[in-house]
Amino acid sequence: MIEVNGLTKVYGRTVAVDDLTFRVEPGTVTGFLGPNGAGKSTTMRMILGLDNPTRGTALIDGQPYSQLRRPLTKIGALLDANWIHPNRSARAHLQFLAASNKLPRARVGEVLDLVGLTQVGKKNAGQFSLGMKQRLGLASALLGDPQVLLFDEPVNGLDPEGIHWIRTFMKSLAAQGRTVLVSSHLLSEMALTADHLVVIGRGKLIAAMSTADFISRSTESTVRVRSPQLADLAALLQRNGATVVPDGEAASVRGLPIEQIGELAAGAGAVLHELASQQGSLEEAFMQITGESVEYSTDRPPAAPTAPAVPTPGPVTR
């Protein structure tokens, strides 16, 4: 378990993290979300003892990181996939970490196999793509078989197969009863991965709740209706207080529960080809909740991003 209590970090006149309090429970994947500059990385660094808080505490199973014996057996982290000497092989890097925490050398081979890097274990990390470095970072985090795991942008540089693999992998870790905290800007991926969310903005806590509750409380649900008698049905629904927005051969209905819409259609003898509840997305909810916490914003649409290079999917063989 991770417990953050009143955590504050001040740099000069800048408050990077402001009286932050939340818990990350075992058995779930917790998404750590916030706009750029929200304080996510600073918070994770304080949890790992890399930065000292101005005030407050960050505890791992009741202890600060500095008091953990053999910390790799308690908590594993992937914060920066490029943090590795480029002239050191993947296997040598892991062997060094294993020796520093008195872990058996056999564990190195196990984690290399787990992340699909066994066949390139003797290659220098400087020859790795970003996706391969991400896999090596995951292997480092898992080396001590810890119960608590922190991942910062773990799918960065991965292709779709790699993203699916790490999503499944993180959920399997949580299913084993481990505590998993993952920060990501890929909200569509977080919607599929995270059971719980901690959302911050400008260093302050905005929300800490289940992903489903966060979406339902921050977006308006609609009901999609498709019917051969759509015009007559739309008029009936409007007379009963609904807002009906045409959408081609269907319509989006707000203001009435799906059960009442079905009952009204049945009472009017209207044939329904589709009647489906539609909930807003995590992206919509996030934009709605964090709009005032964005550090930099513009009314102009952003330029199309350049597609990153991706590694060969599945176990790496080159």
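Kindly check whether there is at least one residue in region 20-27 that is surrounded by 14 or more Cβ atoms within 10 Å (Cβ to Cβ), charged (D, E, K, R) and within 13 Å of residue 150 (Cβ to Cβ).
no
Among (1) touching a Pro at 6+ places or on another chain (Cβ under 9 Å); (2) free of Cβ contacts under 8 Å to residues at least 40 places away in the same chain, there is one condition residue 1 misses while meeting the rest; what is its number?
The failed condition is (2).
For region 145-155, check the following and say yes or no: at least one residue is among the aromatic types (Phe, Trp, Tyr) and surrounded by fewer than 22 Cβ atoms within 10 Å (Cβ to Cβ).
No, every residue in region 145-155 fails to be among the aromatic types (Phe, Trp, Tyr) and surrounded by fewer than 22 Cβ atoms within 10 Å (Cβ to Cβ).
Of all strands (runs of 3 or more DSSP E) completely enclosed by region 195-242, which ones contain at least 3 residues that are in the same structural domain as residue 171 (by TED's automatic domain parsing) and buried (at least 22 other Cβ atoms within 10 Å of the Cβ)?
196-201
Please count how many residues of region 151-172 are closer than 21 Å to residue 40 by Cβ and among the small types (Gly, Ala, Ser).
Residues that pass the stated criteria total 1.
Tally the residues that are over 15 Å from residue 214 (Cβ atoms) and modelled with pLDDT of 95 or more, restricting the search to region 22-39.
5
Can you pull out every residue in region 126-140 that is buried (at least 22 other Cβ atoms within 10 Å of the Cβ) and either on the phi > 0 side of the Ramachandran plot or among the aliphatic types (A, V, I, L, M) (or both)?
Answer for region 126-140, where residues must be buried (at least 22 other Cβ atoms within 10 Å of the Cβ) and either on the phi > 0 side of the Ramachandran plot or among the aliphatic types (A, V, I, L, M) (or both): 132, 136, 138, 139.
Among the residues of region 175-194, write down those that are within 14 Å of the chain's Cα centre (by Cα) and not in a strand (DSSP E or B).
Within region 175-194, 184, 185, 186, 187, 188, 189, 190, 191, 192, 193, 194 meet the criteria.
I'd like the residue in region 255-277 that is in a strand (DSSP E or B) and loosely packed, with under 14 Cβ neighbours inside 10 Å and, out of all such residues, is modelled with the lowest pLDDT.
277
Which condition breaks for residue 164 when tested against (1) touching a residue at least 24 places away in the same chain (Cβ under 8 Å); (2) assigned to a helix (DSSP H, G or I); (3) not small (Gly, Ala, Ser)?
(1)
I'm trying to understand the selection: among the residues of region 28-39, which are more than 22 Å from residue 81 (Cβ to Cβ) and surrounded by fewer than 17 Cβ atoms within 10 Å (Cβ to Cβ)?
none
Just to be sure before I move on: is residue 162 of a type outside the set (S, T, N, Q) and either in contact with a Cys (Cβ under 9 Å, 6 or more places away or on another chain) or at pLDDT 90 or above (or both) in the structure I sent?
So residue 162 does not fit the description; no.
Taking into account only those residues within region 45-93 that are basic (Lys, Arg) and surrounded by fewer than 17 Cβ atoms within 10 Å (Cβ to Cβ), which is nearest to residue 121 (Cα to Cα)?
88
Could you figure out which of (1) under 29 Å from residue 164 (Cβ atoms); (2) in contact with an Asp or Glu (Cβ under 7 Å, 6 or more places away or on another chain); (3) crowded, with 17+ Cβ neighbours inside 10 Å isn't true of residue 42?
(1)
The values are calculated or read from the model by the stated rules, or taken from the named source; none is laboratory data. Please read all numbers here as calculations on a predicted model, not as lab measurements. Counting neighbours? That spans all protein chains shown, and the Cβs are built from the backbone with ideal geometry, glycine included.
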